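*Asks:* Mind having a look at this structure? Questions to follow.
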Amino acid sequence: MVRLASAKGKKALYVGIWLVLVCIGVILIGLNTGTMRLSPVNVLQTLLGYGSASDATVLFEYRLPRILVSALAGIGLGISGAILQGVSRNALADPGILGLHSGAAFGLIIYVTMFHSLAGEFSLMIPLFTFAGGVAAAVLIVFLSFDRYAGVLPIRLILVGIGIAAGFSAIALFLSLRLDDKTYAFTAKWLAGSVWGRDWVNVWVLLPWVTVPVLYVLSQIKTLNAISLGDDVATGLGANVRSARLLLLAAAIALSSASVSMAGGIGFIGLIAPHLARRLAGPMTQHFLPISGLIGLVILVTADTIGRSMFVPNAIPAGVVVASVGAPYFLYLLTRTK
């Protein structure tokens, strides 16, 4: 058993190293591509402080903040999906499918309706509003999915989540129609999963909302492993299942809500990343949880790069690119999951 665990740990380590290299590669490709192309040499020179003023403006004021927001949001969405699948023991759990993204969208619409500003110091409050919307959606989903004898039912969780998502989306759409043209244009792009126009303020706003929950979840690896074995087993191992599940659910909501607050309503990353991570690194939480975050980074940064470089001059949102792959994958999982 010890040798098997050691072998799986080494496999996860190798996968992690390769994924870190892939992450660096997709980020560098993203820095090289766009309406104004920069060669790898120009990018390297600019990063080292030897590039031209125009190259520095393109790289540091436009591309790098956008890519960092995409990277942080991808990590948040990937790990959020892994948490939700673990605490619910449902292979189809995903922040978007469960309706958390729609709740976050509702929170964002409330924010822009009240403040009519998307920049400056007011942007610090955007994750708070999206988190509140995500919590509201989660409370409704858990309440409507709960059975007094069997607890939260996995199948009902999915069905209720789809219904809650439709309801919040309808309310958000209604409220967005009452916005001015400029704010409505931003909101429409956000709902489609666009990372366009992000700057360094958005990076610094998103960074603590991703870092703090991830560090907390990593400290609860043993609890997640115990919960994945069932509530009775987890209780026998000394875990306070109810409080642990609520805290982990709060961390997942914080990660997904903050991520979509800056990257838009991007779905399916929280579904795809954990599944691929388990196939690559195995079922142990300490192995596949970090891998899920790295895969989420790769997916979102790659999708954004494809959307803004392959369809010039009409760039398409990253959410559309992700959905074109994620929707068929969801249907595949739906047919394979009993």
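The values are calculated or read from the model by the stated rules, or taken from the named source; none is laboratory data. Because the structure is a prediction, the values reported are computed rather than measured. Glycine gets a Cβ as well: all are built from the backbone with ideal geometry, and neighbour counts include every protein chain shown. Keep in mind that these areas ignore ligands, DNA and RNA; they rest on the heavy atoms of the full protein, side chains included. Shrake-Rupley method; radii C 1.70, N 1.55, O 1.52, S 1.80 Å.
*Asks:* Helix-derived [θ] at 222 nm for the chain: sum -39500 (n - 2.57) over DSSP H runs of at least 4, divide by residue count, nearest 500?
*Replies:* Details: 15 runs with 252 residues, N = 338.
Computed mean residue ellipticity for the chain: -25000 deg cm²/dmol.
*Asks:* Still on this structure, please answer the following. Leaving out ligands and nucleic acids, note down the accessible area per residue over the chain with a 1.4 angstrom probe, in whole Å².
*Replies:* Values: 16310 Å² over 338 residues.
Per-residue accessible area for the chain comes out at 48 Å².
*Asks:* Assign one of three labels to the range 1-99, namely rounded, prolate or oblate, based on the Cα gyration tensor with a ≥ b ≥ c the square roots of its eigenvalues; rounded applies when a/c is under 1.5, prolate when it is not and a/b is larger than b/c, and oblate otherwise. Before the final figure, lay out the partial values.
*Replies:* Details: a/c = 4.22, a/b = 1.77, b/c = 2.38.
Taking the square roots of the gyration eigenvalues as a ≥ b ≥ c, the range 1-99 is oblate.
*Asks:* Once a ≥ b ≥ c are taken as the square roots of the eigenvalues of the Cα gyration tensor of the range 50-148, is the result rounded (a/c under 1.5), prolate (a/b larger than b/c) or oblate (a/b not larger than b/c)? Can you show the working numbers first?
*Replies:* On the way: a/c = 4.49, a/b = 1.72, b/c = 2.61.
Cα axes put the range 50-148 in the oblate bin.
*Asks:* Also: Relative contact order (percent) for the range 167-295, with alpha-carbon contacts under 8 angstrom and 6 or more residues of separation?
*Replies:* On the way: 86 pairs, mean separation 38.2, N = 129.
Answer for the range 167-295 is 30 percent.
*Asks:* How high is the relative contact order of the chain, given as a whole-number percent (alpha carbon pairs under 8 Å, six or more residues apart)?
*Replies:* 31
*Asks:* Express the Stokes-Einstein translational diffusion coefficient of the range 206-282 in µm² s⁻¹, to the nearest whole number, given a Kirkwood radius over alpha-carbon pairs, 37 °C and a viscosity of 0.692 mPa s. Mind showing how you got there, number by number?
*Replies:* Working: Rh = 13.8 Å.
The Stokes-Einstein estimate is 238 µm²/s.
*Asks:* Further, regarding this structure: At 0.36 nm per residue, and after removing the present C-alpha to C-alpha distance, how many nm does the segment from residue 47 to residue 148 gain when stretched out fully?
*Replies:* Numbers: separation 101, 0.36 × 101 = 36.36 nm, distance 5.78 nm.
Here the segment from residue 47 to residue 148 would lengthen by 30.6 nm.
*Asks:* Give the calculated FRET efficiency between residue 200 and residue 156 to the nearest 0.05, with a Förster radius of 45 Å applied to their Cβ-Cβ distance.
*Replies:* Efficiency for this residue pair is about 0.55.
*Asks:* Something else: Leaving out ligands, DNA and RNA, and with a 1.4 Å probe, what % of the accessible surface on the chain is carbon or sulfur? Don't jump to the answer; show the numbers that get you there.
*Replies:* Values: 11550 of 16310 Å².
Whole-percent figure for carbon plus sulfur exposure: 71.
*Asks:* In nm, give the distance between the simple-model label positions of residue 233 and residue 139, each being 7 Å from the Cα along the Cα-to-Cβ direction.
*Replies:* 3.3
*Asks:* Which order do peptides 253-265, 217-229, 84-96 fall in by mean Cβ count within 10 Å, highest first? Before the final figure, lay out the partial values.
*Replies:* Numbers: 253-265: 29.4, 217-229: 17.8, 84-96: 23.8.
Ranked by mean Cβ neighbours within 10 Å, highest first: 253-265, 84-96, 217-229.
*Asks:* In terms of the Cα gyration tensor, with a ≥ b ≥ c the square roots of its eigenvalues, is the chain rounded because a/c is under 1.5, prolate because a/b exceeds b/c, or oblate? Mind dumping the intermediate values first?
*Replies:* Details: a/c = 1.95, a/b = 1.25, b/c = 1.56.
Oblate is the answer for the chain, as a/c is 1.5 or above yet b/c matches or exceeds a/b.
*Asks:* Next question. List the extent of the Cα atoms of the range 179-251 along each of their three principal axes, largest first, rounded to whole Å.
*Replies:* Extents along the principal axes, in whole Å: 57, 23, 15.
*Asks:* Between residue 181 and residue 327, what FRET efficiency follows from the Cβ-Cβ distance if R0 is 30 Å, with the result rounded to 0.05? It would help to have the intermediate numbers written out before the result.
*Replies:* Details: r = 30 Å, r/R0 = 1.01.
Given R0 = 30 Å and the Cβ-Cβ separation, E is 0.50.
*Asks:* While we're on this one: Project the alpha carbons of the range 268-317 onto their principal axes and report the range along each, largest first, in whole Å.
*Replies:* Rounded to whole Å, the extents work out to 44, 14, 12 Å.
*Asks:* For the range 196-338, state the semi-axes of the equivalent ellipsoid (square roots of 5 times the eigenvalues of the alpha-carbon gyration tensor), sorted largest first and rounded to whole angstrom. If you can, show how the numbers build up before the last one.
*Replies:* Numbers: eigenvalues 189, 76, 28 Å².
For the range 196-338, the ellipsoid semi-axes come out as 31, 20, 12 Å.
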